[in-house]
1. Does the range 184-205 hold any residues that are surrounded by 15 or more Cβ atoms within 10 Å (Cβ to Cβ) and more than 30 Å from Trp231 (Cβ to Cβ), and which are they?
2. Kindly indicate whether Ile234 is in contact with a Leu (Cβ under 8 Å, 6 or more places away or on another chain), among the β-branched types (Val, Ile, Thr) and touching a residue at least 24 places away in the same chain (Cβ under 8 Å).
3. Can you report the number of residues in the range 149-168 which are buried (at least 17 other Cβ atoms within 10 Å of the Cβ), over 17 Å from the mean Cα position of the chain (by Cα) and within 26 Å of Asn283 (Cα to Cα)?
4. Could you check how many residues of the range 148-189 are closer than 23 Å to Ala41 by Cα and out of contact with any Gly (no Cβ under 7 Å at 6 or more places or on another chain)?
5. Can you run down the residue pairs with Cβ atoms below 7 Å, 6 or more apart or on separate chains, where the first is in the range 203-225 and in contact (Cβ under 8 Å) with a residue 60 or more places away in the chain and the partner is exposed (fewer than 13 other Cβ atoms within 10 Å of the Cβ)?
6. I'm trying to understand the selection: among the residues of the range 237-264, which are aromatic (Phe, Trp, Tyr) and touching a residue at least 40 places away in the same chain (Cβ under 8 Å)?
7. Tally time: how many residues in the range 222-260 are more than 21 Å from Leu156 (Cβ to Cβ), surrounded by fewer than 23 Cβ atoms within 10 Å (Cβ to Cβ) and of a type outside the set (A, V, I, L, M)?
8. Inside the range 287-330, can you point out the residues that are of a type in the set (Ser, Thr, Tyr) and under 16 Å from Arg92 (Cα atoms)?
Amino acid sequence: MMSGSSQHDASPGTRPPDASRAAGAPGSGVLALPVGVDGNAWDWPARIGLAVYHALALLAFLPWFFSWTGVVLAALGLYVYGTLGINLCYHRILTHRGLSVPKWLERLFVTLGICCLQDTPARWIAIHRLHHQLADLQRDPHSPLVTLLWGHVGWLFVQNRDTADVAEYERYVRDILKDPYYLALEENDLWLLWINVTQWLVYFAGGLCTGWLMYGNLATAVQFGLSVWLWGVIVRTVVVWHITWTVNSLAHRWGYRTYETGDNSRNNWLVAWISNGEGWHNNHHADPMAAAHGHQWWEVDVTWTTVKLLERVGLASKVVRPRAWNVTER
């Protein structure tokens, strides 16, 4: 168990030697639910939120909601919100401290991550740090060795005592909660609500005004605004969810292994491609603090390319490179 007494402790790169494997070894395909999970304690906000967003996303199949502008915004949003907000900031900057950026930029990236509705930064980070400490053991919050569906999305539907309350997971994120912005987000869920309501309004209002300027007709402008909102927010959010979840599920079941890590992490080409580099998951588990997940020249990592660009223009420092590179960038 992490002590949380220092950043090194809080950003795990090793597994505890006394972690129990009684419920199933990595690779066995048999693992019991985490001990903190009560199958009867449903997480209703998560269930309702996921159901509503997926139902709304299905509207994209109706021609009335289609626009190429919306599609382009959704595609761009996968990078702006998913790659910058989740991959880069939630994961590589905050969880593992693989690099540092100016505080104003860090908070901007965090706000983009919040727009992905993947929980508060502190809870997301706590769950991920716990995953690294106990990967593919019974207390892993989302190991697909329970079932593939559990590792992908099932773990979100029920409450887990290890991660349900800040009093339980605070020890994993003491470094994060020292920042007043992240602490405020943890103490008041309304901040998350207002940030996401704001993005809904910005996309709809932007589409409405653009539609009015383009067509000069209110009904057509409303239709265009709804298209921009549906594709730019709802569809994009759902796609980013599933991209993140495939790292938890597919990248712990299928792919090749470059390193012996003591868990079932894999380097998965498909997941790496759709997630802009997060799918080089065995590499990541072998060297969690490294800001680059692709360790070979052919392991394309768009998030790492972004890190290098930020470093080149002076917006990233203390960049941790993989140990396999012997501290020399390829």
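1. Matches in the range 184-205: Glu186 only.
2. Values: in contact with a Leu (Cβ under 8 Å, 6 or more places away or on another chain): yes; among the β-branched types (Val, Ile, Thr): yes; touching a residue at least 24 places away in the same chain (Cβ under 8 Å): yes.
Yes.
3. Residues meeting the conditions: 0.
4. The qualifying residues number 23.
5. What qualifies is Gln223/Trp64.
6. Of everything in the range 237-264, those that are aromatic (Phe, Trp, Tyr) and touching a residue at least 40 places away in the same chain (Cβ under 8 Å) turn out to be Trp241, Trp245.
7. Qualifying residue count, the range 222-260: 9.
8. Thr303, Thr305, Thr306, Ser317
The values are calculated or read from the model by the stated rules, or taken from the named source; none is laboratory data. As the structure is a prediction and not an experimental result, all values here were calculated from the model. Cβ sites come from the backbone with ideal geometry, for glycine too, and all protein chains shown count toward neighbours.
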